[in-house]
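Written out below as structure tokens is the structure these notes cover.
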Amino acid sequence: MKKIALLGATGSIGTQTLDVIRTHRDEFSLVSMSVGQNIDKAREILAEFQPRILSVSKKEDYEVLKDEFLNITIVYGEEGLIEVATCSEADVVVTAVMGSVGLFPTIEAIRARKTIALANKETLVTAGHLVMKEAQEYGVSILPVDSEHSAIYQCLQGENMKEINRLIITASGGSFRDKTRQELEGVSVEEALNHPNWSMGAKITIDSATMMNKGLEVIEAHWLFNMPYEKIDVLLHKQSIIHSMVEFHDRSVMAQLGTPDMRVPIQYALTYPNRMVLPSTPLNLAEIGTLDFAKMDFERYRCLSFAFEAGKTGGTMPTVLNAANEQAVALFLEGKISFLQIEDVIEKALNWHTVQQNPCLQTIKEVDLETRSYVLSLIS
């Protein structure tokens, strides 16, 4: 039986991970978990799965829960996340937290020689050079959970990495894929959160609408598969049926297809190299009939262009990209800036920053905080 540590148990990926564990209770057990602010949901999960450790964000929640659940170790904050990620019983750590908060617990989990099922893009975006080095040094596998990277990973099984011509990451286009830039003026938060294909958390849904989500995936793919940016393409594919593709030197193209169900890549990461039955809707291509593809418009989706530029520049620039985006999306969700201002804020932060190459973890943390402060200063 594999024992799972789950960072971000109440989010979209977290709840679907719990669904996989629930479906295969004879194969998996939850031994530690973290939650953010959804304490009522945390109580439900604790009652059902009985993990040994729970971490919460706030000390106030810690004070309440530690008296409610006397048989469970309750911790909080960044130290709490690290305790969950390094739980001695855990075999696999699913990093499903949102944002750069996932970086330090992931690093510590690697050092504790835990297999990483990675659903936190920001970990590789902000510190890919350090994370992959640590994983190699400690002999730790990093298994992608994002549907796009899982698709590429599956396509590459048994293949020679030297024979890859390019990686093709597909993109649905998000909530506003049929709108022009002019039509994006004044769109509401509610409209932006209405994704046509996937059920996701608020932040990642906004990232999908701006295409920053795909930009972060490009940087992540660069590190996961040791692939230069010149060999990574993004293709618009509205149906989200082909999750990504790999083109080889002989022009053969392999694609991984499936219905838009995140439980599939989650379960694959947990069961790799084996596959298990998953009660989900099977793919019916005859019923779908047509798959559409279109060239990506980098002027329409400026955030994708920012990501490629930041990735190629390297150093601390991807950290700035991610921190500025996280802060800008938060401001949009709070109604403090418009949808198109998300791009403007990110562009200003990238132009403001002086890049530092080969940053250490402390530098990354400092640049992250400085960038967030700079973004907030733009609207004060």
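The values are calculated or read from the model by the stated rules, or taken from the named source; none is laboratory data. The model shown is predicted, which means the values in this text are computed figures rather than measured ones. Note that each Cβ is placed from the backbone with ideal geometry, even for glycine, and that neighbours are counted across all protein chains shown. Surface accessibility is based on the protein's heavy atoms, side chains included, excluding ligands, DNA and RNA. Shrake-Rupley method; radii C 1.70, N 1.55, O 1.52, S 1.80 Å.
Quick notes on this one:
- Using C-alpha pairs under 8 Å with a sequence gap of at least 6, the mean separation divided by the residue count of segment 1-111 gives a relative contact order of 33 percent.
- Per-residue ellipticity at 222 nm computed for the chain from its helices equals -14000 deg cm²/dmol, with DSSP H segments shorter than 4 residues left out and the rest contributing -39,500 (n - 2.57).
- Taking the average, over residues, of other Cβ atoms within 10 Å as the packing measure, peptides 367-376, 182-191 rank 367-376, 182-191 from highest down.
- Accessible solvent surface per residue of segment 242-321, calculated while the other protein chains remain in place, 1.4 angstrom probe, Å²: 50
- Rg and Dmax, both from the Cα atoms of the chain and both in Å, are 20.1, 63.
- Sequentially through segment 177-190, phi angles give Karplus couplings (6.51, -1.76, 1.60; θ = phi - 60°) of 5, 9, 9, 7, 4, 5, 6, 7, 4, x, 5, 8, 4, 4 Hz, Gly and Pro residues having no value and appearing as x.
- For segment 8-162, a crude dipole built from +1 on the beta carbon of Lys and Arg and -1 on the beta carbon of Asp and Glu, taken about the Cα centre, is about 300 debye to the nearest 20.
- With all protein chains kept in place, the per residue accessible area of segment 32-144 amounts to 42 square angstrom at a probe of 1.4 angstrom.
- In summary, segment 256-380 shows an alpha-carbon radius of gyration equal to 1.43 times the 2.2 N^0.38 Å reference for compact globular proteins.
- Charge dipole (debye, nearest 20) of segment 39-114; +1 at Cβ of Lys and Arg, -1 at Cβ of Asp and Glu: 280
- Sulfur and carbon atoms: percent of accessible area, segment 306-380 [1.4 Å]: 47
- Comparing Cys155, Gly139, Asn165 along the charge dipole axis of segment 102-168, the residue lying farthest to the positive side is Gly139, per the Cβ-charge model.
- Distance from the Cα centroid of segment 341-366 to that of segment 50-104 is 29 Å (rounded to whole angstrom).
- Amide H within-cut-off set for Ser172, under 5 Å, with H built and near neighbours excluded: His237
- For segment 261-380, with +1 on Lys and Arg beta carbons and -1 on Asp and Glu, the positive-most of Ser280, Gln267, Val345 along the dipole: Gln267
- Whole-Hz couplings from phi, Karplus 6.51/-1.76/1.60, listed for segment 85-90; x for Gly and Pro: 5, 10, 3, 4, 7, 5
- When you restrict to C-alpha pairs under 8 Å that are six or more residues apart and normalise by the size of the chain, the relative contact order lands at 15 percent.
- Whole-Hz Karplus values for segment 346-361 come out as 4, 4, 5, 5, 5, 6, 6, 7, 9, 5, 10, 7, 6, x, 7, 4 Hz, taken residue by residue from phi with 6.51 cos²θ - 1.76 cosθ + 1.60 and θ = phi - 60°; glycine and proline positions read x.
- Taking the accessible area of segment 1-147, probe 1.4 Å, and keeping the other protein chains in place, the carbon and sulfur fraction comes to 44%.
- Close amide H partners of Val234, meaning residues 5 or more places away or on another chain with modelled amide H under 5 Å apart, are Ile169.
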